[in-house]
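Dumping the structure here so I can ask a few things about it.
Please treat every number below as a calculation from the coordinates, not as lab data. In this text, all values refer to a predicted model and were calculated from it rather than measured experimentally. No Cβ is skipped: glycine too gets one built from the backbone with ideal geometry, and neighbour counts run over all protein chains shown.
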Amino acid sequence: MRASSRRAARESAPGRFQAERRALRKIQVHFEFRQSLLRKVRLAAATADLSYSDYVRKLVGLPFSKIQRPRISLSFSDADLRILAERYAKPEADPQILKRCVLEEITAELEDA
């Protein structure tokens with residue numbers, strides 16, 4: 001494929017493909033911190049309502065954005081769902097019911113603290 005036809009194809013690609021193309025140009029860098037320093041970064045980021053990576057970006061003068069929807073993602077295996085169903089006395093390992101039970105337990109635990 002010639003360069004001019006590749007450019008034309010790129011320009012006609014839907015917006016999401018162009019965004020993906022830009023993301024592919026980014027370089028991901030991993031940092032390893034001492035445990036004590038990592039704990040300080042986590043606490044400072046939480047206090048600033050930022051993700052760890054956005055907090056570090058802020059510290060070094062890079063652009064960052066505030067968390068739009070604060071959330072924690074967990075992955076549950078089938079075995080995890082069975083354990084949670086037993087813990088919460090739910091007959092089926094329905095992920096939505098168990099999600100609600102986990103949220104209620106975390107809320108009760110941390111709001112009392």
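Between Phe17 and Ala46, what FRET efficiency comes out of the Förster formula 1/(1 + (r/R0)^6) with R0 = 30 Å and r the beta carbon distance, rounded to 0.05?
0.30
Could you check the spin-label model distance between Lys66 and Ala108? Points 7 Å from the Cα along Cα→Cβ, value in nm.
3.3
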